[in-house]
Amino acid sequence: MSFILAAIILYFVTGVFLSRHKSATMFLSGANFVAMILVLIPSVRVLVTNCPFELNFFLPGIIGNVPLRFDALSAFFAIIVAVTGFLATVYAKGYLQPYIDKNKSVGSHLLFFNSLICAMFLVVLVQNALFFLISWEIMSISSLFLVAFESEKPEVLKASVKYFIYMHVSVLFIIAGFVLLNIKSGSLDFAAFAEFLKNNPQYSNIFLFLTFVGFGIKAGFFPFHNWLPDAHPAAPSHVSGLMSGVMIKTGIYGILRMLALVGVPSPALSYSVLFIALVSALYGVLYALAQHDLKKLLAYHSIENIGIIGVGIGCGMLGLAYNLPLLTVAGFSGALLHVLNHSIFKSLLFFGAGAVYNKTHTKNIELLGGLARKMPVTAVCFLIGAVAICGLPPLNGFVSEILIYFSMLQGMLNHNIILFSALMFSFAGLAFVGVMAILCFTKAYGIVFSGSARSGLSKNVKSDVSFSMKSSMVVLAAFCLIIGVLPKYVVGFFKNSFAVFSAEGDVQKYLPINFIDNVSNIALTLCAVCFAALVVRGFFRNDRGFEVWGCGYDKLNSKMQYTASSFVSSFLEITKPLFIKKVDVKRPEAIFPTEAHYGSHVEDIEEELLINPALRFDKQLLQKFRVLQNGNLQQYILYGLIFLVLMLVMTILAEC
Amino acid sequence: MNVFLFLMNLIFLAVLPFVMLGVIKKTKAFWGGRKGPGVFQPFFDFVKLLKKESVISPQTTFVFRIAPTVLFATTLAAACFVPLAGGFTLVDVDCAFVLFSYILGFGKFLSIIAALDTGSSFEGMGASREACFSTLVEPAFFIIAGSVCIFTKNLGFESFSILNSFGHTFSLLIIPAAVAALFIMLLVECCRVPVDDPNTHLELTMIHEVMILDNSGVDLALITWSSAIKMFLYSALIINLLLPSVLPDGLNCLLFAISVLLIGVVVGTVESATARLRMLHVFEFVFIMTPIALVILAIAVIKMYRGLA
């Protein structure tokens with residue numbers, strides 16, 4: 001337990017005192033490494049022995065008793081926070097170097113970086129509602145300042161303000177849920193909430209609804225995902241990797257923790273979670289196809305993967321609601337394993353995108369191409385990340401997806417028709433999502449790293465990125481491969497976290513260990529067969545070099561290649577009604593045309609149809625109250641005077 | 001493990017894909033009033049390609065070099081899951097159809113990137129079309145395979161052969177629909193008319209052929225063998241739905257081989273009888289699989305309802 005306190009203090013102290021130092025990033029990397037070890041030791045102990053431990057301390061005032069409870073679920077998320085935090089710090093060392101060279105001050109940025117990691121760790125640790133909200137707010141505000149690193153650019157500022165507003169709407173819903181239970185149960189402790197909900201199950205639906213909406217906005221589920229595609233491209237890449245890999249998982253942690261408090265959710269709620277998660281997954285991947293900004297594409301993919309995690313959670317909830325232990329265990333283990341996998345390959349992909357931006361200074365993939373020649377390590381790591389996120393064997397995305405498929409098939413064997421239809425449509429939906437992800441990532445990898453350079457920005461890249469950036473990417477890629485071929489050890493290691501939701505001993509009985517064993521062996525064999533084939537082929541190489549066939553044209557032009565938009569255009573033609581495509585075109589005119597250009601981008605249809613009209617209406621309504629805020633100093637002093645008089649009158653009246 | 005079946009299937013895997021290609025060409029020649037190349041010509045082409053050198057463009061990166069080999073390795077790995085002659089499966093595991101699709105998907109992923117790697121507009125076009133068409137096939141295949149698995153309460157590929165001997169009237173409704181859908185899937189994934197014309201090299205009509213335009217030598221040999229094996233595997237799935245599984249081993253192997261060649265003749269006839277569809281209509285053609293899959297799903301639901309009531 002002291003390890004945990006030491007880790008928290010270390011994170012905070014190094015952040016506060018060392019961030020203004022000249023070699024701050026190096027000190028921070030070292031400190032975060034030590035803190036990671038300090039977090040890993042108790043986490044591993046809790047996961048292996050499944051004995052949660054507690055520390056209570058008393059804070060004065062209304063907060064009262066603050067229990068820090070560290071059980072297997074918290075340990076799982078704590079490991080993700082610590083490891084990804086450390087790797088992001090190492091990456092930041094290389095990424096921030098150009099900014100430091102240009103004398104931009106990164107001191108406060110690093111302070112908020114460490115406080116973000118510390119706050120995320122606290123969020124998974126505390127079990128007192130008010131302290132949880134305090135840590136949650138520290139997390140939101142730190143990430144806000146991290147996103148606004150380059151706030152001199154107007155789009156970055158706009159994105160950070162939008163992010164700020166979304167985060168506070170989400171906190172409002174969470175506060176509503178906690179306040180409801182606090183008033184009813186009279187205590188702020190999560191354990192007391194659980195007791196109360198066990199005795200009065202009629203409140204569980206409204207409580208789960210409020211907290212699911214709140215945590216869902218943070219995680220990035222469908223109707224409220226709009227902050228993700230703006231905040232992630234605006235933030236620097238180490239922050240995007242950390243946010244997308246870990247911070248949106250705290251939303252998932254919140255959902256899971258509230259579910260553990262309730263115990264058995266109602267079927268209606270489970271079906272709605274499944275439905276919304278499926279729609280998020282489909283929507284995310286569909287919009288990712290249409291993007292040509294590399295980080296915005298990755299942000300929409302985060303929405304898709306959160307949807308896949310949500311489908312796993314939905315299956316688990318349906319298992320709890322209908323009392324089908326196999327569905328429960330397999331569904332939650334698939335979801336949690338996908339949380340782990342997503343944090344690894346998403347951070348890897350964001351770090352790769354950051355490496356590309358670091359070298360070419362553009363995120364627009366239409367201007368890139370052929371980077372694999374000059375940046376081989378980045379290319380291989382990005383390729384591993386791309387194959388992993390599509391869920392292809394032998395990497396880790398495949399294992400979690402096939403666990404979710406397995407759980408759905410097991411659930412469908414049941415005789416309940418509504419359950420069968422819902423699971424079958426999610427099954428087909430997940431298959432569709434997987435295939436669209438293949439389309440999207442062949443585009444992302446193929447246009448950026450393959451082929452020839454489409455513009456000078458890409459041609460002028462001389463070498464690969466610095467060692468710190470490369471090493472963090474290589475470590476993450478290695479994790480992808482290891483978890484992909486040895487999932488039985490990983491699942492065996494984490495199995496106690498899945499046990500939070502099922503009855504005692506259920507996990508041991510129902511975890512599909514044989515199935516995971518088979519999948520392990522198959523992935524390992526596939527890896528070995530591919531490697532052996534490559535080695536054998538390497539012996540028989542008899543190559544000659546010549547230009548590709550260009551239909552008889554003498555010089556192949558890089559403009560002859562497919563662009564990202566043309567690659568997906570045939571698919572987008574079929575799904576045209578689901579997008580709003582804005583085209584900016586100036587056609588060539590006159591006999592000797594001087595200038596012509598064409599640009600297109602896709603806008604989020606849900607934002608245009610649902611969110612923006614509501615915002616416009618609010619703005620119109622609030623304009624009427626503009627008269628109260630007219631900047632007139634005398635009027636503000638008058639407000640203060642009226643307030644004082646009112647207070648005086650009310651106190652006198654209360655006395656009488 | 002039945003050694004006889006294992007050896008027969010090894011021989012079939014080595015021989016039948018090429019013979020199937022030869023049979024398809026012979027059928028098309030027959031319908032065209034020509035004599036056509038010999039049935040064993042693809043073997044000679046394969047051996048000829050093995051002796052040639054590979055021409056690699058300096059424009060390409062490492063992906064172009066590894067993709068054909070990995071494609072071949074993944075196709076062989078996928079062949080381990082499909083029940084071949086005599087219902088023999090090398091690896092029998094739950095959710096086999098998910099493993100089958102995703103392992104083939106890995107090979108497809110790398111071949112699409114390798115096509116984009118050449119930096120030529122031809123390969124980009126083929127890559128884009130190949131990626132787009134396969135998106136429409138997967139969900140329908142998963143619905144069909146999932147419904148068949150739930151219908152027969154068996155989660156592996158064995159469910160396809162069990163469906164045959166189920167004795168339930170509904171299986172007689174499912175089998176023709178599933179065969180039709182799987183046949184459309186064969187036409188799409190193995191790039192046959194009316195989806196793609198494997199003979200022409202006109203850019204208007206190419207999908208798979210144009211993706212491999214710049215591969216040569218051993219790479220091209222491996223790619224050709226991989227596509228032939230893929231067609232063989234999809235035919236094996238169709239045959240599993242149709243052939244009764246309770247025959248003795250030798251007869252089963254003979255019937256399997258004859259059925260594979262028969263499917264080759266049917267594919268050849270379809271290729272001769274229809275013209276390649278316009279690109280837009282290809283999407284509609286591929287999408288026909290989805291309503292068929294929903295019909296099979298509805299039949300499975302009705303069976304469950306009847307079982308409940």
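The values are calculated or read from the model by the stated rules, or taken from the named source; none is laboratory data. Source: prediction; values computed, not measured. Every residue, glycine among them, receives a Cβ derived from its backbone with ideal geometry; neighbour counts consider all protein chains shown.
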Given A:Val461, A:Val433, which one is in contact (Cβ under 8 Å) with a residue 12 or more places away in the chain and not in a helix (DSSP H, G or I)?
A:Val461
How many residues, within the stretch B:54-69, are hydroxyl-bearing (Ser, Thr, Tyr), part of a loop (DSSP other than H, G, I, E, B) and within 7 Å of chain A (Cβ to nearest Cβ)?
2
When the stretch B:21-54 is examined, which residues are found to be surrounded by 18 or more Cβ atoms within 10 Å (Cβ to Cβ), hydrophobic (A, V, I, L, M, F, W, C) and within 16 Å of A:Arg541 (Cα to Cα)?
B:Leu49
Any residue at all in the stretch B:18-37 that's within 14 Å of chain A (Cβ to nearest Cβ) and closer than 30 Å to B:Gly124 by Cβ?
no
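For every residue, the table says whether it meets (1) at the interface with chain B (Cβ under 7 Å from one of its Cβ atoms); (2) not aromatic (Phe, Trp, Tyr).
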{"position": "A:Val500", "(1), (2)": "no, yes"}
{"position": "A:Leu526", "(1), (2)": "yes, yes"}
{"position": "A:Val535", "(1), (2)": "no, yes"}
{"position": "A:Arg544", "(1), (2)": "yes, yes"}
{"position": "A:Lys555", "(1), (2)": "no, yes"}
{"position": "A:Ala564", "(1), (2)": "no, yes"}
{"position": "A:Phe571", "(1), (2)": "yes, no"}
{"position": "A:Ile574", "(1), (2)": "yes, yes"}
All but one of (1) more than 27 Å from B:Gly146 (Cα to Cα); (2) in a helix (DSSP H, G or I); (3) touching a Gly at 6+ places or on another chain (Cβ under 9 Å) hold for A:Lys443, so report the exception by its number.
(3)
Name the single residue that is surrounded by the fewest Cβ atoms within 10 Å (Cβ to Cβ) among those in the stretch A:108-135 being part of a helix (DSSP H, G or I) and β-branched (Val, Ile, Thr).
A:Ile134
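Rundown of residues vs (1) more than 21 Å from A:Val279 (Cβ to Cβ); (2) β-branched (Val, Ile, Thr), yes/no style:
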| position | (1), (2) |
| --- | --- |
| A:Gly220 | no, no |
| A:His225 | no, no |
| A:His232 | no, no |
| A:Ala235 | yes, no |
| A:Ser244 | no, no |
| A:Ile252 | no, yes |
| A:Leu261 | yes, no |
| A:Pro265 | no, no |
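Looking at A:Ser426, A:Ser450, A:Ser421 in this structure, which one is in contact (Cβ under 8 Å) with a residue 12 or more places away in the chain, among the small types (Gly, Ala, Ser) and within 8 Å of chain B (Cβ to nearest Cβ)?
A:Ser450
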Which of the strands (runs of 3 or more DSSP E) contained wholly in the stretch A:507-625 include at least 2 residues that are within 21 Å of A:Pro229 (Cα to Cα)?
A:580-586, A:597-603
I'd like the full set of residues that are buried (at least 24 other Cβ atoms within 10 Å of the Cβ), facing chain A (nearest Cβ under 7 Å) and more than 18 Å from the chain's Cα centre (by Cα), limited to the stretch B:96-121.
B:Ile113, B:Leu116, B:Asp117, B:Thr118, B:Gly119, B:Ser120
Residues (more than 30 Å from A:Gly369 (Cβ to Cβ), touching a residue at least 40 places away in the same chain (Cβ under 8 Å) and either more than 17 Å from the chain's Cα centre (by Cα) or more than 8 Å from every other protein chain (Cβ to nearest Cβ) (or both)) located in the stretch B:70-89:
B:Ala78, B:Ala79, B:Phe81, B:Val82, B:Pro83, B:Leu84, B:Ala85, B:Gly86, B:Gly87, B:Phe88, B:Thr89
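Return a yes/no flag: does the stretch A:434-441 have any residue that is surrounded by 18 or more Cβ atoms within 10 Å (Cβ to Cβ) and more than 8 Å from every other protein chain (Cβ to nearest Cβ).
yes
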The residue that is modelled with the highest pLDDT, considering only those in the stretch B:191-207 that are surrounded by fewer than 21 Cβ atoms within 10 Å (Cβ to Cβ) and touching a Ser or Thr at 6+ places or on another chain (Cβ under 7 Å), is B:Pro194
Considering only the stretch B:201-212, I want to know if a residue exists there that is in contact with a strand residue (DSSP E or B) (Cβ under 9 Å, 6 or more places away or on another chain) and either more than 22 Å from B:Met304 (Cα to Cα) or not aromatic (Phe, Trp, Tyr) (or both).
no
